[in-house]
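Peer 1: Provided herewith is a single structure, encoded as structure tokens, for subsequent inquiry.
The values are calculated or read from the model by the stated rules, or taken from the named source; none is laboratory data. Note that the coordinates shown come from a computational prediction; the quantities given were computed from them, not determined experimentally. Here the Cβ positions follow ideal geometry from the backbone for every residue, glycine too, while neighbour counts run over all protein chains shown. Accessible surface is based on the protein model in full, side chains and every heavy atom, while ligands, DNA and RNA are left aside. Shrake-Rupley method; radii C 1.70, N 1.55, O 1.52, S 1.80 Å.
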Amino acid sequence: MAKEKIHKDIVIIGAGMAGLTAAMYAGRMNLDTLVLENGLVGGQIANATGIENYPGFISVKGSDLIGTLQKQAENFGAVIDEFDTIQKVTLRENPKIIETEEKIYLADVVIIASGMNRRKLPLAEEKKFAGRGVHYCELCDGHMYQNKIIAVMGGGNAALDAANFLTKYTDKLYLIHRSNFRADEVTQQKVRQNPKIEIMLQTEITALHGDKKLENIDILDKNSGVTKSIAVDGIFVNIGVVPNTDLFKDELKLSESGRIIAGENCKTEIEGVFAAGDVREKEIRQLTTAAADGTTAALLAEKLLRNFRG
């Protein structure tokens, strides 16, 4: 049976901060707007437990911030579909073609805001223990480790925030990082003042052990060269992110890091295709810059459509 074909003014790929901001602006301008999201609405930020650097808020949960933005976009008419996975895109035709499992969308403009995913733990045993001791979402899975021993791997703000959050479930948490922390000083101070956290810098996890679930890990002290085993029930990995650009690698120019090359106007090499948020190659990646990208992409998309249609 042939898939239904549906025309849209704008299709936005990704429902994170950039994508939802673009949807809100596009909806406000009475554009027929669809947002396609393969994963969790809100992306990485939906799991943040306390955002303190977004204008207008002393502190706000990522889920609350995203939830409000989603309602704003939907109130202006944008449709958000998080259950129909994209299979293929063809961006050099007019209209652009986005094929999902169920439908084929024809779009005059495409805004790519597909964001990032957390980098997987680079150990052979990762697949064996994925979901059975190795996790990537503390908000989703932290409750599974009530009164258990937890390790967090990573040294950026997200990792340290995860460690602080997870101490609500455990009395003992190891914070493991291969070098020195990259997190800002305020976040580092919170971790250092938390009595439940044992900080292990210049340390790497070299192996995972257990029968049906994770039971202990081998860690290497890089200064001494000594490897020892410690008992843990779960590891939450936060060692960076990779851009979600596999769909576009044959359509658009990508940087060495795998991000889409586009200017501050969010325009890619293809007319009518914009890149917004963390998926765009740029020097600064923050919530505020993602929102700015979404705004820019939507406003310039509307201008382009107006010129197309006279």
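Peer 1: Consider residue 270 carefully, then state whether it is part of a loop (DSSP other than H, G, I, E, B), under 30 Å from residue 143 (Cβ atoms) and touching a residue at least 60 places away in the same chain (Cβ under 8 Å).
Peer 2: Against the criterion (part of a loop (DSSP other than H, G, I, E, B), under 30 Å from residue 143 (Cβ atoms) and touching a residue at least 60 places away in the same chain (Cβ under 8 Å)), residue 270 does not qualify.
Peer 1: Of the conditions (1) under 23 Å from residue 27 (Cα atoms); (2) outside any helix (DSSP H, G or I); (3) among the hydrophobic types (A, V, I, L, M, F, W, C), residue 57 fails just one. Which one is it?
Peer 2: Unmet condition: (1).
Peer 1: Among the residues of segment 282-292, write down those that are open to solvent by 40 Å² or more (accessible area, probe 1.4 Å) and not in a helix (DSSP H, G or I).
Peer 2: If the condition is that a residue be open to solvent by 40 Å² or more (accessible area, probe 1.4 Å) and not in a helix (DSSP H, G or I), then 283, 284, 285, 286 are the ones that fit.
Peer 1: Residue 24 passes all but one of (1) within 16 Å of residue 112 (Cβ to Cβ); (2) assigned to a helix (DSSP H, G or I); which number fails?
Peer 2: For residue 24, the exception is condition (1).
Peer 1: Go through segment 251-270 and report how many residues are among the basic types (Lys, Arg) and out of contact with any Pro (no Cβ under 6 Å at 6 or more places or on another chain).
Peer 2: The number of residues fulfilling the criteria is 2.
Peer 1: Still on this model: If residue 42 satisfies all but one of (1) closer than 18 Å to residue 277 by Cα; (2) in contact (Cβ under 8 Å) with a residue 40 or more places away in the chain, what's the number of the condition it fails?
Peer 2: (2)
A quick yes/no check of all residues on (1) closer than 20 Å to residue 245 by Cβ; (2) within 22 Å of the chain's Cα centre (by Cα); (3) of a type outside the set (Lys, Arg); (4) surrounded by fewer than 17 Cβ atoms within 10 Å (Cβ to Cβ):
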| position | (1), (2), (3), (4) |
| --- | --- |
| 269 | yes, no, yes, yes |
| 280 | yes, yes, no, no |
| 294 | yes, yes, yes, no |
| 298 | no, yes, yes, no |
| 307 | no, no, yes, yes |
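Peer 1: What's the total number of residues in segment 185-203 that are within 18 Å of residue 155 (Cβ to Cβ) and either open to solvent by 70 Å² or more (accessible area, probe 1.4 Å) or part of a strand (DSSP E or B) (or both)?
Peer 2: 11
Peer 1: Conditions first: (1) open to solvent by 10 Å² or more (accessible area, probe 1.4 Å); (2) among the hydrophobic types (A, V, I, L, M, F, W, C); (3) at pLDDT 95 or above. Residue 166 passes all but one, so which condition is the exception?
Peer 2: (1)
Peer 1: I'd like the residue in segment 204-229 that is more than 14 Å from residue 151 (Cα to Cα) and hydrophobic (A, V, I, L, M, F, W, C) and, out of all such residues, is surrounded by the fewest Cβ atoms within 10 Å (Cβ to Cβ).
Peer 2: So, considering only residues that are more than 14 Å from residue 151 (Cα to Cα) and hydrophobic (A, V, I, L, M, F, W, C), the one surrounded by the fewest Cβ atoms within 10 Å (Cβ to Cβ) is 226.
Peer 1: Within segment 118-148, can you find the residues that are open to solvent by 60 Å² or more (accessible area, probe 1.4 Å) and in contact with a helix residue (DSSP H, G or I) (Cβ under 8 Å, 6 or more places away or on another chain)?
Peer 2: Applying the first criterion (open to solvent by 60 Å² or more (accessible area, probe 1.4 Å)) to segment 118-148 yields 119-120, 122, 124, 127-128, 132, 139-140, 143-144, 146-148.
Result: 120, 139, 140.
Peer 1: So, one more: Among the residues of segment 66-85, which ones are open to solvent by 10 Å² or more (accessible area, probe 1.4 Å) and part of a loop (DSSP other than H, G, I, E, B)?
Peer 2: 76, 77, 82, 83, 85
Peer 1: Would you be able to tell me the number of residues in segment 4-47 that are open to solvent by less than 60 Å² (accessible area, probe 1.4 Å) and in contact with a strand residue (DSSP E or B) (Cβ under 6 Å, 6 or more places away or on another chain)?
Peer 2: From segment 4-47, those open to solvent by less than 60 Å² (accessible area, probe 1.4 Å) are 6, 8-24, 26-27, 29, 31, 33-37, 39, 41-43, 45-47; that's our starting set.
Still in the running and in contact with a strand residue (DSSP E or B) (Cβ under 6 Å, 6 or more places away or on another chain): 6, 8-13, 15, 19, 22-23, 26-27, 31, 33-36.
Qualifying residue count, segment 4-47: 18.
The rows are residues; the columns are (1) under 23 Å from residue 286 (Cβ atoms); (2) modelled with pLDDT under 95; (3) in contact with a Ser or Thr (Cβ under 6 Å, 6 or more places away or on another chain).
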| position | (1), (2), (3) |
| --- | --- |
| 124 | no, yes, no |
| 137 | yes, yes, no |
| 141 | no, yes, no |
| 146 | no, no, no |
| 151 | no, no, no |
| 173 | no, no, yes |
| 199 | no, no, no |
| 206 | no, no, no |
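Peer 1: Right, something else. Only helices (runs of 4 or more DSSP H) wholly contained in segment 86-183 count here; list those with 3 or more residues that are in contact (Cβ under 8 Å) with a residue 24 or more places away in the chain and under 23 Å from the mean Cα position of the chain (by Cα).
Peer 2: Here the list reads 138-141, 157-166.
Peer 1: Continuing with the same structure: For segment 235-254, check the following and say yes or no: at least one residue is surrounded by 13 or more Cβ atoms within 10 Å (Cβ to Cβ), in contact with a Gly (Cβ under 9 Å, 6 or more places away or on another chain), free of Cβ contacts under 8 Å to residues at least 60 places away in the same chain and of a type outside the set (Ser, Thr, Tyr).
Peer 2: Scanning segment 235-254 turns up no residue that is surrounded by 13 or more Cβ atoms within 10 Å (Cβ to Cβ), in contact with a Gly (Cβ under 9 Å, 6 or more places away or on another chain), free of Cβ contacts under 8 Å to residues at least 60 places away in the same chain and of a type outside the set (Ser, Thr, Tyr).
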